[in-house]
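The values are calculated or read from the model by the stated rules, or taken from the named source; none is laboratory data. A quick note: this is a predicted structure, and the numbers were derived from the prediction, not measured. Cβ placement follows ideal geometry from the backbone for every residue including glycine, while neighbour counts extend to all protein chains displayed. For accessibility, only protein heavy atoms count, side chains too; no ligands or nucleic acids. Shrake-Rupley method; radii C 1.70, N 1.55, O 1.52, S 1.80 Å.
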Amino acid sequence: MRRPAIHRVGPWAVVALAVAFNLWALRAEATPVHNLNDGSVHRSMIGWAEQRWTSGHLPLDGWYPPLALGSSRFHHYQSTPHVVTGLLAIPIGSELAYSWTLYLGLALWPVSVFAGGRLLGLGRWRSAAAALVSPLIVSAPTLGYEWGSYAWRGYGTWTQLWGMWALPLAWGLGFRAVSRGRSYAWAALAIALTIASHLLTGYLALLSLGVFVLIRPTRILERLGRAALVGGASLLIAAWVVVPLILDRAYTAQDEFSRGKVFYDSFGARQILSWGVSGELFDRGRFPVISILVAVGLLRCLWRWRRDERARAVVAVGLLSLLLFFGRSTLGDALRLLPGSGDLFLRRYVFGVHLAGLYLAGFAMAWIGRLLVARVRRRVPRVEVVLAALVVLAILLLAPAWTERGGWAATGATWIVEQQQVEDTEGVHIAELVAIAEQRGTGRIYAGMRSNWGNRYQIGQVPVYAELLNLDAQAVGFTRPTWSLSSPAEYRFRDTDPAHWDVFDVRYLIQPSDRQPLVDAELIAERGAHGLWEFEGDGTIEVVDVSAPIAADRIDLGRKIAPWLTSTEPESDIHPGISFGDFDAAEPTLSEGSVPDAPPGQVLASEVALDEGRASATVDLERTGAVILKASFDNRWRVTVDGREMPAQMFAQSLVGRVLPPGRHEIAFEYAPFPRYDLLLLVGAATFGLLFLLDHRRRQAAVTPGREDRVTPEPAGRR
């Protein structure tokens, strides 16, 4: 018997309602405006990818110079969203590309939630109910699947938005592949794209395959083989991201500003369970309507546990996410069982709790709806009327959450308009000063930092140190953990010490006109209430002496160089060599405790193009010394001396250079991207192709007369 139209159209109408609410409430997010959060980083990376595309290069790797003295950011980070959006930016620009992908990604997310629920076998109405609730999450720990994680007034975790879109599909297709032996190729591709879009989300998607194995103990061996096939294939498909990341893992900073903090370790089981009981995991600061639905859905799934595998799957992935979210203080040494767990920012796994919670809410709303339909149908025979009334009732029950989210978005829209107005006045002044500095020559710009006066120096709501990144300037002060090996040193930059200005190659200062510099500098220009000052340093390439070496790794580098930064050696142009990873420290050029009257040589001429990942100089050394480039060390820097390639060496604070003998030399530094991306992409394409053929043969075998159907049929369940 054909189902009534309301059964077919109704769920999509519910999804459309959620999308329409998002499109209207969040419309201001499509406005291109300078970002005050991590959005400024992602917009900048999109712009970098756009430039690489337009210059004829595949932007999977290269030297990205704006932050933390530069880094091979695309090589060490989930840069696929930036690479793809860089193409979109070619016709419309990076600001519009960023703002529109943010806006549409948030607004259309209920579609992904609905599709993921359908792939999990939850049926139309459960999936539609989950989609209806999806815009309404707001949590105490933040950084989950809520607007504040992404919006202009929030955190700007734009790559997590891509992972948020991919995870429902990865869960759904992964479940189908493991439980029924279906769509191996598409499951592996979905998980691979999740990995490539957001590494933390991809890690959860991979672990979830193991959960789908365990929820059916009687078929564990069969399911284990399927999970291994899909998981291994997804890693091969994502090889262009995974292989470079693993091979060069030792050269990614993981300093004390990350470790030991809630951002890295998370909050612990007691605090998180307290939020769960109080409703703060889903309904911070309002009536806990979503939390109640999640609780009812959980009870409903536990009631159906033995006979409904779909209920077990949703609860299991939610429990997995919750355990990871508990963090290191709860899990302790058990985390060592997970490969690469030392690099996981466990606080972020609240997003898995949120997504599972949406599907639990879908279970609850669909169950309540069926109960009401069964009662009301006795008096109102037309099912279309009953279901329409139930949708209206659901909206009314969710009214507190709709109202709160709408008000939150309206406040953000007001702030965006105000920021636009400020950018058209004061923002223009800052842009003019940056342009003047860049015309005068190489050297970084400084406008304070979060830990000092820079926290109060703002254009509207945007700190000027973030405004510099919005203007694509190379700067010091916008500190972020794990950006490069110079990140731990940048946190320790002291703007009262002229030696630090030289070590970090800070040549320009932008600050309020009525504020005097803390070091000797010359006023170059003024625009409005802002002034541009120039500091006379020793240049981006310098000849220095070398003191006793330091041994460090990616975890303790900051602590190891801290004593040097507070000593007199930076002022005397003395840099210790650093033994790091596979690179041995340079031998000292000075005896212990000695301080030379003059540097060992000088730079006669130089050419610096860090935007292109290269620099060169002609130097003249009277005695053995080191030539350093004031850019962050990376294992892919190549050093050529007098036409002969030589191993790069690392010097404090974490700079690239090379010790040279007396005499005149031509030295060149060039960042060499990771080789053979073409081969890794080919491996991924071949893996997907082979799985696709395997799926095709299995489908043929399942429908061929006289052949046994080897594919486990999908449980009918309720639609």
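Points to keep in mind about this one:
- In nm, spacing of pseudo-spin labels at Ile395 and Leu87 (7 Å Cα→C-beta vector): 3.8 nm
- Ordering Leu214, Val619, Leu680 by Cα displacement along the dipole of the chain toward the positive end leaves Leu214 in first place; charges were set at the Cβ atoms of Lys, Arg (+1) and Asp, Glu (-1).
- Chymotrypsin sites (Phe, Trp or Tyr not before Pro) within the range 1-105, DSSP loop, no more than 10 other Cβ atoms inside 10 Å: none
- Inter-label distance, Leu108 to Asp538: 5.4 nm, where each label sits 7 Å from its Cα along the C-beta direction.
- Protein accessible area in the chain, 1.4 Å probe - carbon and sulfur %: 59 percent
- Computed from Cα positions, the angle between helix 350-376 and the longest principal axis of the chain comes to roughly 20 degrees.
- Probe 1.4 Å, protein heavy atoms only - accessible area per residue of the range 559-666 in square angstrom: 46 Å²
- Highest mean packing first, where packing is the average number of other Cβ atoms within 10 Å per residue, the peptides 65-71, 36-42 line up as 65-71, 36-42.
- 18 Å cut-off, amide nitrogen to a point 7 angstrom out along Arg664 Cα→Cβ, residues in the range 603-622: 603-607, 616-622
- Per residue, the range 314-378 exposes 40 Å² of accessible surface when a 1.4 Å probe is rolled over the protein heavy atoms with every protein chain present.
- Cα-centred dipole magnitude for the range 236-296, charges only on beta-carbon of K, R (+1) and D, E (-1), debye, nearest 20: 160 debye
- Projecting the Cα positions of Pro517, Pro488, Trp501 onto the charge dipole of the range 482-527 (unit charges on Cβ atoms of Lys, Arg, Asp and Glu, taken about the Cα centre) puts Pro488 furthest along the positive direction.
- For the range 272-286, 3J(HN,Hα) per residue [Karplus equation, 6.51 cos²θ - 1.76 cosθ + 1.60, θ = phi - 60°, Hz, x = Gly/Pro]: 5, 5, 4, 4, x, 5, 7, x, 6, 6, 10, 9, 5, x, 8
- Sequence-separation-based contact order of the chain, relative, with Cα cut under 8 Å and 6+ spacing, percent: 15 percent
- Inter-label distance, nm, simple model (7 Å from Cα along the C-beta direction), Ala672/Gln516: 5.1 nm
- Between 0 and 90°, nearest 10: helix 80-92 axis offset from the chain longest Cα axis: 80 degrees
- Karplus-derived 3J(HN,Hα) values for the range 589-599, using 6.51 cos²θ - 1.76 cosθ + 1.60 with θ = phi - 60°, are 9, 10, 6, 4, x, 7, 10, x, 6, 8, x Hz; glycine and proline are entered as x.
- For the pair Arg270 and Arg370 in one chain, pulling the backbone fully straight at 0.36 nm per residue adds 32.4 nm over the alpha carbon distance.
- Fully extending the segment from Gln420 to Ser278, taken as 0.36 nm per residue of separation minus the present Cα-Cα distance, adds 47.3 nm.
- Prolate/oblate/rounded label for the chain (Cα gyration tensor, a/c 1.5): prolate
- The stretch between Val641 and Trp24, if pulled fully straight at 0.36 nm per residue, gains 216.1 nm over its current Cα-Cα span.
- Low-density loop cleavage sites - trypsin sites (Lys or Arg not before Pro) in the range 498-531, where at most 15 other Cβ are within 10 Å (DSSP): Arg515
- The chain: angle of helix 199-214 to the longest principal axis, Cα-based, in degrees nearest 10: 40 degrees
- For the chain, adding -39500 (n - 2.57) for each run of n ≥ 4 DSSP H residues and dividing by the number of residues yields -16000 deg cm²/dmol at 222 nm.
- Test item: Cα-centred dipole of the chain, Lys/Arg +1 and Asp/Glu -1 on Cβ, debye: 7200 debye
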